[in-house]
Structures are given as C-alpha cells and as structure tokens.
2 protein chains.
Amino acid sequence: MTDTPAFDQAATDRSAFLAEAETLLGPRGLTRDPELMEPWLTDWRGRFTGAALAMASPASTAEVAELVKLCARHRVPIVPQGGNSGMCGGATPDKSGSAIVLSLRRMNAIRSLDTDARQAVCEAGVILQTLHEAAEAHGLRFPLTLGGKGSATVGGLISTNAGGTQVLRHGSMRAQVLGLEAVLADGSIYRGLTALKKDNRGFDLKQLLIGSEGTLGIVTAATLRLVPALRDRITIWAGVPSLATARALLLYCQDAAGAALEGFEVMPQLTLDDVLAHVPTARAPLAGRHEWHALIEIVSERDSGPSLAELAEELLTGAFERGLLEDATASANEAQAEAFWLIRDEIAAAERAKGPAVQHDISVAVEKMPEFVDYAVPLIEQAWPGTQAVAFGHLGDGNVHFHVIAPPGVEGLAWQEGPGKQISGQVYEMVTQWGGSISAEHGIGQLKRDELARLADPVSLQMMRAVKQALDPVGLLNPGKLVPLA
Amino acid sequence: MTDTPAFDQAATDRSAFLAEAETLLGPRGLTRDPELMEPWLTDWRGRFTGAALAMASPASTAEVAELVKLCARHRVPIVPQGGNSGMCGGATPDKSGSAIVLSLRRMNAIRSLDTDARQAVCEAGVILQTLHEAAEAHGLRFPLTLGGKGSATVGGLISTNAGGTQVLRHGSMRAQVLGLEAVLADGSIYRGLTALKKDNRGFDLKQLLIGSEGTLGIVTAATLRLVPALRDRITIWAGVPSLATARALLLYCQDAAGAALEGFEVMPQLTLDDVLAHVPTARAPLAGRHEWHALIEIVSERDSGPSLAELAEELLTGAFERGLLEDATASANEAQAEAFWLIRDEIAAAERAKGPAVQHDISVAVEKMPEFVDYAVPLIEQAWPGTQAVAFGHLGDGNVHFHVIAPPGVEGLAWQEGPGKQISGQVYEMVTQWGGSISAEHGIGQLKRDELARLADPVSLQMMRAVKQALDPVGLLNPGKLVPLA
C-alpha cells in the first residue's frame, strides 16, 4: 500500500459537476474567477458575505432548466441572483462554498412589448430602469419604481414581491405580474406567460412563486402589466399636526381624488431636518415646522377632463376646511415635484450619515399605523435612553420604515450587535402583537429567518415548510433563505 | 359458533364517528334526515347528485376545527358547501355516501364592518346579497356581484374565486379578500384575518387557499374589501359591426373613462334576439340591427367633479368620430339602466328556453378574444351542422361564455351526451391551443376535472398534486374535485 492521500470523492464530484456545467453553459456562462465572482458574493449593504463553487450565467430558460437538472443530479445547491440589491441577503450564498450563484443577468431581453394589450414579456435579467425606458418609448409606463431601479431586475423584483412608492394605487410587484415562466427544482419549466385576466383552473401557482425568494422556483421571464403614460403630475407637500391627522388627510384624498391619488408618504419633522442637514441642495418645502409632513402625489393620464391643477386646488381647499392640514404647497412644475421627492428619496442616506441605526420594514393594518407609531416611538426611546426612533414612508400601505438611531458617541458595530439586536427583537414582537408583519416589503432572506421562526404563526410556518418540501424535496433552491427549518 | 352476521367494523366506526360528531355539534349541527339533506346533495343545475353520511352545520370556527380533527381520526372525507350554487359540482359529494357535507351556512355573522378602514369581516356563510345590503347601509359597496347573489356565500365565492360583471374594474374575488381564516386538513386553524396591505413574510398562503375549491382548507371567515357607494351610473348600449370593433371601443373607453369604466359586456345580435323573444318585458335598446352589441357601464363615486352625463356624451362623441360604433344610446335614468342589464342577465335563461346546449366558460388573452370567436364559431357550426354557436359576456376580461345550441328537434340528453361532449372536447382543445383557460370563472369541481387532466400543462398538474399532497396527505378535503389523480 502506498502513502497517497485518501481518495477525495467530494472533490471528484465537484470537478465532474463543473466540467459538465462548463460544457453546458460555455465560457461566458460559467466562471470560478474570484475577481469576477467577488462583487456578487456580498449583498449591496455589506451585511452578508458568502462563497460559491462557481457563478453560472445561463443565456436562456432552456439553459437554466438543464443547469438545474445538473445541479439536482450532483446535489449542488443553487442561489438565484438578480441585481444583488435585495435588503435581506436573499441572494447571497452561505460561507460553505458548496452552492453555485445562478445569475439571471444575462437573460435581459424584452421578448415583446404589446402597446395594444399593454404588456411586456421580460426576461428575468431586465433591469427595472430599462423596462421603464422601454415602456416610455411606447407611450406607456411600468407602474412600480424604487430606489434600486438601476440595478434591480425583473426576476428579483418578482421573487421578493417588491414594493416602492406607487403601491398605494398600483399594488406591489404581485399585482404587476400577468404571466410567469419559472424553472422548478427538478428542472421542469412552469410555462405560464400567457396573460389571462381570468383563469380558474386550480391553485394560483403564479402567486405562490411570486415572493418565494427563489426557494420554490427560479423566475426566468414574466409578462408584466403596463399602464398609460402620465400626462401630468402634481406633488403636494403638507404639514400636519399628527400622524392620525395625516391618516385622516389620506382618507379625504382617497375620496376626493379617487384614482388620481398615486402616492402618499409621511415623515416626521425630525427626519426632514436630517435630510435638510445632509443634502445641501434640499430646501424645506414649507416655512414653518410641523410634527409630521405628508407628500401627496396626484397624477393624470388623460389630456381631457378637468386639469390636475384644479384638482389640487380642490383638495387643498377641502382639506383646510376640514382642519386636516396646517400648511401646504403644491408643485408648480416638474422641477418642484422632483425637489419634493428628493427629500423623500434621501431619507435613508441622511439617516445613515447620522450614525449607526437599526432599521425595520414593518406593516400593521393601515388604520392602526398612527396609533402604533405613537405607541412604539416613546416606548423604544424610553427603554433605550439616548436613542431616537423615527418612522417614515408608506402610510397609505400601513407600511413604515421604523428606524432606531443609536445614542450619540456609541461604537457602531458593538451597539448594533448588542442593544441594536435587542431593539429589533422588541420592535418585531410589538408589531406581531399588533397583528402586523415583520417584513412589509423587503422579504425575509437570511436576515429575518430566525425572527420569522420565532414570531410567525406556527400554522403558517408549517404550511410553508410543507409546500417547500413538496416543491423542492431535496432543498436545492436557495437553501437557508426564507423558510425556517423545522 | 352461532350464525350471527360477521362483525361489521366499518359500520361500527361510522356509528362511533356519528355519535362523536353529534356530541360535538349538537342536534342543530348534525343531521342524517334524508329530507333535510336532499336539497344539498344535488347541485342547483341538477347535473350531479351524491350521497352523504350526514350533513354537519357547525356554528363556529372552533367547531369546524374539532369536526375536521374528528373526520381525520375516522378518515371521513369532507365536502365543504356554501350556497350550493356553484357551476361545476364542486360542492356535491360522490355517490358512495362515505363523506359528510360540511355546510358553512350557519356561520353567517358579519363579525365587524369598519367604515373607516372599508373592510368587513364576514363568516363563510354570509350570503352575498346580505353583504351588499350591509355595505349599502354604511354608504359603502362590496364590488362583486353575480346572478346567484341570493344564495352564494362568502366562503363559496372565495373557494371558487368567483367573477361576475365587475371584474373589469374591481377584479375577481381574489382581489376582494384582504384577510382569510381557514381550517386545514389536520384541523389546525390558519389565522390570517388581519388586513395587511403589504406583507412579505413568505409564500402567499392566502392566495393559495383562494380558488382551491375546498381541497386545501375550509374557508371559515374573511376580511373583505369595501369601496365607496356609487353616486351615479350610466349604462350605454352600443351597436358595433364586429367583435374586433367592440374590442377597439373597449380600449377607447378605458383610455377616455379611466377608472369610471366599470363594466363592458358583449353579445351578438342573435343572442339579443333570443332574449327579446324570451322576455316579454324586454325591449331592443336600438332601432336597427347590428352584428354585435356592447353594454358599457360608467360610474361615479363622487358628488363633485364633472357629471357622468358629460363623460357619457364625451365617450359617445369620441367613439362615433373614431368609427367605433354604428349606433348607441345612454340610459337617462336608473330604470333604463336596469332595463339594459335585464337583457344581459336573461341571456342564460333565454338560451336554456331555446333548447339543449353545451356551455363553456372560457378565456383567452384579452386581445385575442375577437379573433378566437371569429375562428371558433364557424368552425363548430360547420363541423356540427345545425348547431348555433354564440359567445357573450365579459370581453374586457377575455372571458366569454361560449354556448353551442343543439340543432332543432334533437333529443336533449342524447345530444348532450353524444355530440355535445365531443363539441366541448373540441372547444377546450381549441382554447388550450390558443393558450387560454378551460375555466375562466366557474372553476373545475367534478365537471371539468377529467378535461383538466387531459389538457393542462403536465408541470402545473404536478405542482398542484404536490401541493395537495403536502397540505392534505390523507385526501380528506373535497376528494374527487379539482385536482386530477396522478
């Protein structure tokens, strides 16, 4: 007997898998180059870093299907990835290096855009901004947008059921998907791209796949809803004395403006101050100070009918008469509207600049949000002296971003790992007690999986595990994400 | 040894089950009286008749849960039932008599109605008409209606994802359900009544249960969306030269009326003639004859803003100028609007009076419907000489009811079982080839399960079977319905 090292079966298997994968995908479709892989192994917020056996970039649905079959044969886990701009580490592999990252970015064709039917069939790798531009070029609009539009892909948006600032009127990504194509865990292809407005042939498999974060299937293409392009928009900035009044103002606007109401965002004075301090070009929209500020967007898709300016005037007059606002101003042109939105869009950056914080993307029933914020803010600030709790965002959706900023002078990482984690635990417990959600729009990924296991209704958890087990019995698809272990 | 009959274990088990069920539910909650059970063992169209061990009528969600646990222990299948007004035999047990019918009709409380949040929490047995009236009494409206509103229950509407004539604007039942409570196959209770506009905590279990026809869980209550009451409506009757023109008219109305467009139904002249012949009080809305007729409803929820009469005028003028209609009239008052809708509502009865027919509730992509009808009608009429094929209904949803009327003088039942079945097979094959659905709004039940098995995408079928197996491994819930056997 010689003294050679023991035969490494695992290494041999990996080599065989990689050789087959390279044959299947070609050199453009598979890389193990650490430099090329590196940007895709850490999430964009830098919270999670993993390792991968390789990064696959198939060029077609057929290639994705073949690759999944290959992975199934070799038991190689798959981490699907779009623009890598998710908020919960859902597209970052674990540190074991046993999985492949399956990037959908090469599949970036808009297969068709039908102006008459108002639909676009997009491959998973189409970037949101690209879709916006394609729709605009045809006099149409894709009615979902968010901060990461320059990197977020259609596949990622669908897999995480992304939200944004237009959900109030148009719904989240779930509402934009008219048809879906996905590769399942056994490599079979779910073909549901035909947009049927009505279809009662059994379980809603499309909606089951949407928001499943790549744990039930890999989205390869979708038929997406387009809407008429905007002819005009007016953005109103209103100062209100309380969040409860902001909610009353929202109800009034919904009644009075109907479908013309596209967005309704809120922020406290404190948050406005932070943005004004952080962004040199930002100006306070109103002269005075108000406990809360509301940003209201009304839009029109039609040339005919009453002008938007008349509607804005009517809204403001009516709201003043009803005592629903202290002061308000309406944008007179597009530059002013953009200046108002700049303030909203810069909140996250301003908060980051201020120092360490823990962030919570939470929702409760829409009508309970003012009460919840009034309850939770002082409770957190008293329990952790020196912290500052702020809530801002999508009041119309019952969804606020609830950020707790560390006391001045603390060491960031230590605070986040210590008191920060405790605070998050308590925020999630409160929101659960109120019947709300610990993830309104960002998903679960790996960031919140333990909290989901701790706080979710056991019956829901059991249903999720049963469905996951049914559709991915081997656990090939995005392991360690979303679905808590039993 | 004596000559007594062999010990009947099955009968003993059934007796034990019935005794336990009676203890659990009390005399009002369980009956075996053939006379009391009889109306609920045949579907309302008289196509399916079954038998049942007993009919259970629990009074609460807790009782449903306990009953399901009892059924699970004794392996007694459960056929959930609402108003028994479904179209596909989904609530009718098989003939074996081994199952119980679980009626939800006793659970008929509207648990709460929140005018501010515009939500009603209804138990499964609330009748649609009752919900309409409750919403109206609060200045609100439940935006889904259909012919069977006097018997259809909330639970049945949810389990079958019911449609109707307002889907164009408001969506099907799926879009009205903000929260859901259901009892699962193991007797656990899925508690999702809290209406969260945004919730990304994993798989969309609520949508999975909706439309699953009681095969994955028994809906016990739901939080339903309400909308503002209508202030005004105008119904326009338009004569158009073709279905393609009707589709162009629909697109024009969508652009010009926006959210004010609530309904858009079509019928051919032939169908109008049949209704006029059948309903003595019905009058032709237009003086002349037209290949196709469109019924267009525009509505307003607001007192302010331009009047609906102006919008109707603008629509008609614009449509004439664009050559989109040959003639049209708008209702001048509510009585006229109702007279127009009477014609639409009486189509089914008029067709029935005409003689035997086979009916198909089908959908294709909205933009393809005119082409499909123009293709399918002559094809069927030529292949089966003497038949008359008519399509009418929800053009705006890509959903028509495609009826094929038997040649004059044939014997009804024989024709339906012979040529009728062949015609249905061909209609379903055509619609599948066009990427459409063999059930747009009526569901699958037992009526279409074999056709689903024959024509559905094998990948979808496999997913459905896997999900069914995962959530109801014993096959306790509504066996023989919807999900084809493997």
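The values are calculated or read from the model by the stated rules, or taken from the named source; none is laboratory data. Just so it is clear, the structure is predicted and the values come from calculations on it, not from any experiment. Note: ideal-geometry Cβ built from the backbone for every residue, glycine included; neighbour counts use all protein chains shown. With ligands, DNA and RNA removed, areas are computed over all heavy atoms of the protein, side chains included. Shrake-Rupley method; radii C 1.70, N 1.55, O 1.52, S 1.80 Å.
Data for the structure
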{"read-out": "Peptide A:160-166, shielding by other chains (average Cβ, 10 Å cutoff)", "value": "1"}
{"read-out": "Hull volume in cubic angstrom per residue (convex hull over the Cα atoms of segment A:300-455)", "value": "162 Å³"}
{"read-out": "B:D186-B:Q129 FRET efficiency (beta carbon distance; Förster radius 35 Å; 0.05 resolution)", "value": "0.55"}
{"read-out": "Dimensions (Å) - segment B:356-412, Cα atoms, principal axes, largest first", "value": "36, 18, 11"}
{"read-out": "³J(HN,Hα) computed for each position of segment B:370-375 - Karplus, 6.51 cos²θ - 1.76 cosθ + 1.60, integer Hz, glycine/proline x", "value": "x, 4, 4, 5, 4, 7"}
{"read-out": "Chain A: relative contact order in percent, alpha carbon pairs under 8 Å with at least 6 residues between", "value": "15 percent"}
{"read-out": "Cross-link pairs A:K481/B:K206; B:K69/B:K481; A:K198/B:K368 - those with Cα-Cα distance over 19 Å", "value": "A:K481/B:K206; B:K69/B:K481"}
{"read-out": "Expected 222 nm ellipticity per residue - DSSP helices of 4 or more, -39500 (n - 2.57), all of chain A, to 500", "value": "-11000 deg cm²/dmol"}
{"read-out": "Angle in degrees between helix B:9-25 and the longest Cα principal axis of chain B, rounded to the nearest 10", "value": "70 degrees"}
{"read-out": "Kirkwood Rh in Å, taken over all unlike Cα pairs in chain A", "value": "24.1 Å"}
{"read-out": "Accessible area, probe 1.4 Å, largest first, for residues B:D255, B:D361", "value": "B:D255, B:D361"}
{"read-out": "Within segment A:20-108, trypsin sites (Lys or Arg not before Pro) in DSSP loop having at most 16 other beta-carbon neighbours inside 10 Å", "value": "A:R32, A:R45, A:R47, A:R75, A:K95"}
{"read-out": "Helix A:243-257 vs. chain A, principal-axis angle (Cα, 0 to 90°, nearest 10)", "value": "90 degrees"}
{"read-out": "Burial ranking of peptide ranges A:153-160, A:60-67 (average Cβ count within 10 Å, highest at the top)", "value": "A:153-160, A:60-67"}
{"read-out": "Whole-number percent relative contact order across segment A:382-461, with pairs defined as alpha carbons under 8 Å at least 6 apart", "value": "19 percent"}
{"read-out": "Residues whose placed amide H lies under 5 Å from that of A:G443, excluding near-sequence neighbours", "value": "B:N200"}
{"read-out": "Inter-chain Cβ neighbour average for residues A:433-440, partner chain, 10 Å", "value": "4"}
{"read-out": "Approximate shape of segment B:46-183 as ellipsoid semi-axes (Cα gyration tensor, √5λ), whole Å, largest first", "value": "28, 18, 11"}
{"read-out": "Between A and B, accessible area buried - total, square angstrom, nearest 100, 1.4 angstrom probe", "value": "6100 Å²"}
{"read-out": "Other-copy label distances relative to B:Q9, 7 angstrom Cα-Cβ extension, nm", "value": "4.3"}
{"read-out": "Surface accessible to a 1.4 Å probe, B:I189 within the full protein complex, Å²", "value": "30 Å²"}
{"read-out": "Which of B:L226, B:L251, B:L208, positive extreme of dipole for segment B:182-314 (C-beta unit charges)", "value": "B:L208"}
{"read-out": "Those residues of segment B:364-400 for which accessible area with every protein chain present is at least 30 Å² below the isolated value (1.4 Å probe)", "value": "B:A365, B:E367, B:D397"}
{"read-out": "Computed FRET value (nearest 0.05) for B:A309 with A:E338, which takes r as the C-beta separation and R₀ as 45 Å", "value": "0.75"}
{"read-out": "Surface accessible to a 1.4 Å probe, per residue, for the residues of chain A, Å²", "value": "39 Å²"}
{"read-out": "Cα centroid separation - segment A:150-182 against segment B:203-254, whole Å", "value": "21 Å"}
{"read-out": "Note, ³J(HN,Hα) from phi for segment A:270-280, Karplus 6.51, -1.76, 1.60, rounded to Hz, x at Gly and Pro", "value": "3, 5, 4, 4, 4, 5, 4, 6, 8, 10, x"}
{"read-out": "Cα lying deepest toward the dipole's positive end in segment B:402-486, options B:W415, B:G475, B:S437, charges on Cβ", "value": "B:G475"}
{"read-out": "Residues in segment B:136-169 reached by a label modelled at B:D457 [backbone nitrogen below 11 Å; 7 Å Cα→Cβ]", "value": "none"}
{"read-out": "Nearest-10 value in Å² for the accessible area of B:S460, using the 1.4 Å probe", "value": "20 Å²"}
{"read-out": "Sequence of B:E346, A:E310 from largest to smallest accessible area, 1.4 Å probe", "value": "A:E310, B:E346"}
{"read-out": "Per residue convex hull volume, Cα atoms of the protein assembly as shown, in Å³", "value": "220 Å³"}
{"read-out": "Magnitude of the charge dipole, segment B:366-486, Cβ model with Lys/Arg +1 and Asp/Glu -1, debye to 20", "value": "460 debye"}
{"read-out": "Distances in nm from A:A414 to the matching label points in the other copies, shortest first (labels 7 Å along Cα to Cβ)", "value": "9.5"}
{"read-out": "Peptide A:451-463 - average C-beta neighbours from other chains (10 Å radius)", "value": "4"}
{"read-out": "Rounded to the nearest 20 debye, dipole of segment A:233-316 from Cβ charges on Lys, Arg, Asp, Glu", "value": "220 debye"}
{"read-out": "Summed side-chain charge close to B:G26 - residues other than B:G26 whose Cβ falls under 13 Å, Lys, Arg +1, Asp, Glu -1", "value": "-2"}
{"read-out": "For B:E381, inter-copy label distances in nm, listed shortest first [label point 7 Å out on the Cα-Cβ vector]", "value": "7.5"}
{"read-out": "Along principal axes, Cα extents of segment B:282-321, largest first, whole Å", "value": "38, 28, 14"}
{"read-out": "Loop-located chymotrypsin sites (Phe, Trp or Tyr not before Pro) in segment B:1-98, at most 12 other Cβ atoms within 10 Å (DSSP)", "value": "B:F7"}
{"read-out": "Net charge contributed by nearby residues that have their C-beta within less than 10 Å of A:G125 (K/R +1, D/E -1)", "value": "+1"}
{"read-out": "Solvent exposure, largest accessible area first (probe 1.4 Å, DNA, RNA and ligands not counted), of B:K368, B:K448", "value": "B:K368, B:K448"}
{"read-out": "Cα-based Rg and Dmax for segment A:223-317, where Dmax is the largest Cα-Cα distance (Å)", "value": "15.1, 47"}
{"read-out": "Cα-centre dipole for the protein assembly as shown with unit charges at Cβ (Lys and Arg positive, Asp and Glu negative), debye to 20", "value": "1880 debye"}
{"read-out": "Euclidean distance between Cα centres, segment B:282-304 to segment A:42-114, Å", "value": "53 Å"}
{"read-out": "In Hz, Karplus ³J(HN,Hα) per residue of segment B:171-176 (6.51, -1.76, 1.60; θ = phi - 60°; x = Gly, Pro)", "value": "x, 7, 3, 3, 7, 9"}
{"read-out": "Ordering of B:161-168, A:167-174, B:111-118, A:373-380 by packing [mean C-beta count within 10 Å, highest first]", "value": "B:161-168, A:167-174, A:373-380, B:111-118"}
{"read-out": "Lys/Arg +1, Asp/Glu -1 at C-beta; the protein assembly as shown dipole; positive extreme among B:I343, B:L485, A:A294", "value": "B:L485"}
{"read-out": "Label-point separation in nm, A:A16 to B:T281, each point 7 Å along Cα→Cβ", "value": "7.8 nm"}
{"read-out": "Carbon and sulfur %, accessible surface of the protein assembly as shown computed with the full protein complex present, 1.4 Å", "value": "53 percent"}
